[in-house]
Amino acid sequence: MSVMNGNNLKRLHVITWGCQMNVYDSGRMADVLAPLGYGPAAEPDGADMIILNTCHIRDKAAEKVFSELGRLRGLKEATGGRMILAVAGCVAQAEGAEILRRAPYVDIVLGPQTYHRLPEMVARASRAGNAVIETDFPPEDKFDHLPESLTPQGVTAFLTIQEGCDKFCSFCVVPYTRGAEQSRPAEAILREARHLVSQGAREITLLGQNVNAWHGGETGGLGRLLRDLAEIPGLLRLRYATSHPRDMNDELIAAHRDIPALMPFLHLPVQSGSDRILAAMNRRHTADDYRRIVDRLHDARPDLALSSDFIVGHPGETPADFEATMSLIREIGFPQAYSFKYSPRPGTPAAGAGDQVPEAEKDRRLQVLQALLREQQTDFNAACVGLELPVLFSGPGRHPGQIGGRSPFLQAVHVTGSPHLIGHESMVRIVDIRPNSLSGTLVQERRIA
Ligand code: SAH
Ligand code: SF4
Ligand code: F3S
């Protein structure tokens, strides 16, 4: 390992789009490049290397990448062409060769499964005129080749435990860009979690495209893993995302009953409340299956709050199907949720379906649905006023003298308080709601953990 010093320090700027797994991957790419002397650059101008970590999930993903590359090209030229420009992530995986054809000034194109090979790619790209493309799914596991994370993530940290997806929902590119479902070994996960805690993490969110499909062979599934993680001294809170209803098994539901560190907030995408559309989406569960899972979760953990993802205007969605989604939302209640207009993705089954919903109708449905979700979110937050909630403080607050953190339900909370409380949990009385956060007062200065 070369030592970082003034002479060989190079500046790396990473631009991250997409999901939390991309955020995690960006951190790991910085980790693999650190031994080569790369340190973080806050701004892209004049950086020695820029990585654009891309997302392919919706809309004009590729066009957005090409327009950003046009901007970065200018920055590269300003360095006399010295800057190394890399495109990573899901658009790189899906459109690799096309990127080099349309943007020949790009030096490296790499998919999400190959970034452990970045040092070697950088060496190859540094030899003049040599563009490098690595978008295969290599036989080796990238996690076996990554160094321990060098840059602490802070009080709240992400840890990828599972990648890829075998579910092939009709609308989704992820099985193509991330490849087949794959679980990391429990031992490696526990080691990384202990390392994160030693660097100051008090909350860990386990990540995976289908995180609850994680399996550890004979030792069991995610429920078992959560029990083992909860034993780590100093680790106060656990979360996991994103889950598929089909993988919400008894062991995992029991974990919500038994593990106090497992936060009572779960992102469980349902996409639609119509059985016809759920079938067309190849979700392989019904709306009632979802209702039953939610009931069982509430039996296990009565205060559990749910978040979800919804798609409006999937091919074939009628006004009645849309109404079924609205009913499901009214019935279950989601304090927080994401909703999207269906966006045809090249190469996915739904993109070729004949019964596409007109854009204006998708817009209309999205507005109606989002109005309901906003109302539910506001009601949930308003119901928190007057309550005392444990808040894990993770950094400064909105205004000077304030600190900020999250409630168990992932609400952002700001209070006036000492920075000494950062990294600790304290009880906060919620006094007011703001558009994207809650404000409160410390019940007592004392830390509860
Ligand atoms: N693995 C997760 C979701 C990954 S993508 C799951 O199964 O739930 C995140 C969200 O993006 C999805 O839940 C879905 O709501 C949305 N999404 C994915 N593809 C989409 C598309 N083609 N159009 C609109 N929304 C889409
Ligand atoms: Fe995409 Fe469906 Fe897999 Fe989620 S489960 S990543 S929506 S294919
Ligand atoms: Fe986007 Fe890839 Fe994540 S398509 S949502 S960055 S898995």
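So here's what we get for this one:
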| read-out | value |
| --- | --- |
| In segment 180-216, residue surrounded by the most Cβ atoms within 10 Å (Cβ to Cβ) [restricted to those that are within 15 Å of the chain's Cα centre (by Cα) and over 18 Å from residue 228 (Cβ atoms)] | 209 |
| Residue selected from segment 433-449 under the condition part of a strand (DSSP E or B) and open to solvent by 40 Å² or more (accessible area, probe 1.4 Å), by the criterion farthest from residue 261 (Cα to Cα) | 433 |
| Residue count for segment 233-259, restricted to those that are open to solvent by less than 30 Å² (accessible area, probe 1.4 Å) and of a type in the set (Ser, Thr, Tyr) | 2 |
| Residue match in segment 346-357 (condition: among the small types (Gly, Ala, Ser), at positive phi and open to solvent by 50 Å² or more (accessible area, probe 1.4 Å)) | yes |
| Residue ranges of strands (runs of 3 or more DSSP E) in segment 66-153 with at least 1 members at pLDDT below 95, over 22 Å from the mean Cα position of the chain (by Cα) and not acidic (Asp, Glu) | 132-134 |
| Answer residue from segment 233-251, given it is within 12 Å of residue 205 (Cβ to Cβ) and not in a loop (DSSP other than H, G, I, E, B) and is farthest from ligand 3 (Cβ to nearest atom) among those | 237 |
| Restricting segment 217-232 to residues that are part of a loop (DSSP other than H, G, I, E, B) and either more than 30 Å from residue 288 (Cβ to Cβ) or hydroxyl-bearing (Ser, Thr, Tyr) (or both), the residue that is least open to solvent (accessible area, probe 1.4 Å) | 232 |
| One residue from 403, 430 being without any contact (Cβ under 8 Å) to a residue 24 or more places away in the chain and open to solvent by less than 20 Å² (accessible area, probe 1.4 Å) | 403 |
| Residue that is surrounded by 15 or more Cβ atoms within 10 Å (Cβ to Cβ) and either among the small types (Gly, Ala, Ser) or closer than 25 Å to residue 351 by Cα (or both), where the choices are 91, 122 | 91 |
| Scope segment 105-129; condition touching a Leu at 6+ places or on another chain (Cβ under 6 Å) and not aliphatic (A, V, I, L, M); matching residues | 107, 116, 119 |
| Selected residue (only one of 97, 30 is buried (at least 17 other Cβ atoms within 10 Å of the Cβ) and either among the small types (Gly, Ala, Ser) or in contact with a helix residue (DSSP H, G or I) (Cβ under 7 Å, 6 or more places away or on another chain) (or both)) | 30 |
| Subset of segment 326-366 [under 24 Å from the mean Cα position of the chain (by Cα) and away from ligand 2 (no atom under 16 Å from the Cβ)] | 329, 332, 333, 334, 335, 336, 366 |
| Residues that are in contact (Cβ under 8 Å) with a residue 60 or more places away in the chain and either open to solvent by less than 20 Å² (accessible area, probe 1.4 Å) or assigned to a helix (DSSP H, G or I) (or both), drawn from segment 412-424 | 423 |
| Search result, residues across segment 260-303 that are in a loop (DSSP other than H, G, I, E, B), among the aliphatic types (A, V, I, L, M) and open to solvent by less than 10 Å² (accessible area, probe 1.4 Å) | 268, 270, 281 |
| Residue satisfying all of: in segment 105-144; in contact (Cβ under 8 Å) with a residue 60 or more places away in the chain and away from ligand 3 (no atom under 16 Å from the Cβ); farthest from residue 162 (Cα to Cα) among these | 122 |
| Options 316, 273, 354, 347: the member that is within 16 Å of ligand 1 (Cβ to nearest atom) and at pLDDT below 95 | 347 |
| Members of segment 146-157 found to be open to solvent by less than 50 Å² (accessible area, probe 1.4 Å) and either in contact with a helix residue (DSSP H, G or I) (Cβ under 9 Å, 6 or more places away or on another chain) or without any contact (Cβ under 8 Å) to a residue 24 or more places away in the chain (or both), listed by number | 146, 147, 149, 157 |
| Residue list for segment 161-179, restricted to those being surrounded by fewer than 20 Cβ atoms within 10 Å (Cβ to Cβ), at pLDDT 95 or above and either away from ligand 2 (no atom under 11 Å from the Cβ) or of a type in the set (Lys, Arg) (or both) | 167 |
| Unique residue being surrounded by 19 or more Cβ atoms within 10 Å (Cβ to Cβ) and in a loop (DSSP other than H, G, I, E, B) when the list is 393, 409 | 409 |
| Near pairs, Cβ below 8 angstrom, 6+ apart or cross-chain, from segment 326-353 (farther than 27 Å from residue 411 by Cα) to any residue that is among the polar types (S, T, N, Q) | 344/356; 348/170; 349/170; 349/282; 350/170; 353/170 |
| Inter-residue pairs, beta-carbon under 8 Å, first more than 16 Å from ligand 2 (Cβ to nearest atom) and in segment 13-27, second open to solvent by 40 Å² or more (accessible area, probe 1.4 Å) and part of a helix (DSSP H, G or I), 6+ apart | 16/23; 17/64 |
| Any chance residue 311 is open to solvent by less than 20 Å² (accessible area, probe 1.4 Å), in contact with a Phe, Trp or Tyr (Cβ under 8 Å, 6 or more places away or on another chain), away from ligand 2 (no atom under 16 Å from the Cβ) and closer than 18 Å to residue 367 by Cβ | no |
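The values are calculated or read from the model by the stated rules, or taken from the named source; none is laboratory data. This one's a predicted model, so the numbers in the text were calculated from it and none came from an experiment. Virtual Cβ from ideal backbone geometry, glycine too; neighbours counted across all protein chains shown. In case anyone asks, the SASA skips ligands and DNA or RNA and just uses the protein heavy atoms, side chains included. Shrake-Rupley method; radii C 1.70, N 1.55, O 1.52, S 1.80 Å.
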